[in-house]
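Worksheet for the structure shown next.
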Amino acid sequence: MPLRRGKWLSAEHDDHYGKTFKFRGMQHWSASPALLRGVRAAARLERDVYEFGVYTGGSMRSIAKRVRGFGHLWGFDSFQGLPAETAGVRTEGVHWRPGAFSSADALGLWDESALLARLTEQIGYANLTLVPGYYNESLTDALAKRHAFQPALVVDVDVDLHSSSMQCLGWMLAHRLIVPGTFVRYDDWRVPWQRY
């Protein structure tokens, strides 16, 4: 399926939204030492890791290398960049605009199958599933029934927007995947993680 060819990382994006910081990929999971110790100690095969906001897969690759002994690694992303934010909610900066952080644009692959294959190879974890789509469309009851999701060891929320955060956390809670002992990490928050 063809993905939207956006303008992320282009001069045209800068002309429209103003100059912003931009990067082609994340290199590591920015977990604090305390979070990493806790996650490693709690890891077991009956617990899965959920990454919301895959981008180019660097955080997922880092999790797979730095945490051993968990079950499945799940990655959720539109792979076409951010959606529009909730009406009336202000974003922190111009870099959180529709289309920003597009995996397809960053990797120059606009065929969904080819992009998912590249990301799967880059992440390099055998027990991995990538779920494409904007969360308001992909996170459904049918998705929960289609896959053998296990309770979460970690939920990594790196989605940058209020709307996307509410959608992914609402879905996880509705399907009882956040349980006592789950670590929830929020990117772009001053207090970035909490254990439940």
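Within the stretch 156-165, being buried (at least 16 other Cβ atoms within 10 Å of the Cβ) and not hydrophobic (A, V, I, L, M, F, W, C) holds for D156, D158, D160, S163, S164, S165.
Might you let me know whether the stretch 69-89 holds any residue that is modelled with pLDDT of 95 or more, open to solvent by 40 Å² or more (accessible area, probe 1.4 Å) and not aliphatic (A, V, I, L, M)? There is at least one residue in the stretch 69-89 that is modelled with pLDDT of 95 or more, open to solvent by 40 Å² or more (accessible area, probe 1.4 Å) and not aliphatic (A, V, I, L, M). Apart from one condition, E85 fits all of (1) more than 22 Å from L119 (Cβ to Cβ); (2) under 15 Å from the mean Cα position of the chain (by Cα); the exception is (2). Checking each residue in the stretch 57-68 for being assigned to a loop (DSSP other than H, G, I, E, B), surrounded by fewer than 23 Cβ atoms within 10 Å (Cβ to Cβ) and not aliphatic (A, V, I, L, M) picks out only R68. When the test is whether a residue is closer than 21 Å to S59 by Cβ, of a type in the set (D, E) and at pLDDT below 90, D160 passes it.
Taken over the stretch 71-113, the criterion of being in a loop (DSSP other than H, G, I, E, B) and either basic (K, R) or over 30 Å from T182 (Cβ atoms) (or both) is satisfied by A87, G88, R90, V94, R97, P98, G99, G108, L109, W110. Quick one: is R176 outside any strand (DSSP E or B) and basic (K, R)? Considered against the rule, which asks whether it is outside any strand (DSSP E or B) and basic (K, R), R176 comes out as yes.
The residues in the stretch 135-155 that are in contact (Cβ under 8 Å) with a residue 60 or more places away in the chain and open to solvent by less than 30 Å² (accessible area, probe 1.4 Å) can be counted, and the count is 7. For the stretch 56-96, residues that are of a type outside the set (A, V, I, L, M, F, W, C) and in contact with a Leu (Cβ under 9 Å, 6 or more places away or on another chain) total 14.
The values are calculated or read from the model by the stated rules, or taken from the named source; none is laboratory data. Here the structure is a predicted model, which is why all the values come from computation and not from measurement. Here the Cβ is made from the backbone with ideal geometry for all residues, glycine too, and neighbour counts use every protein chain on show. For accessibility, only protein heavy atoms count, side chains too; no ligands or nucleic acids. Shrake-Rupley method; radii C 1.70, N 1.55, O 1.52, S 1.80 Å.
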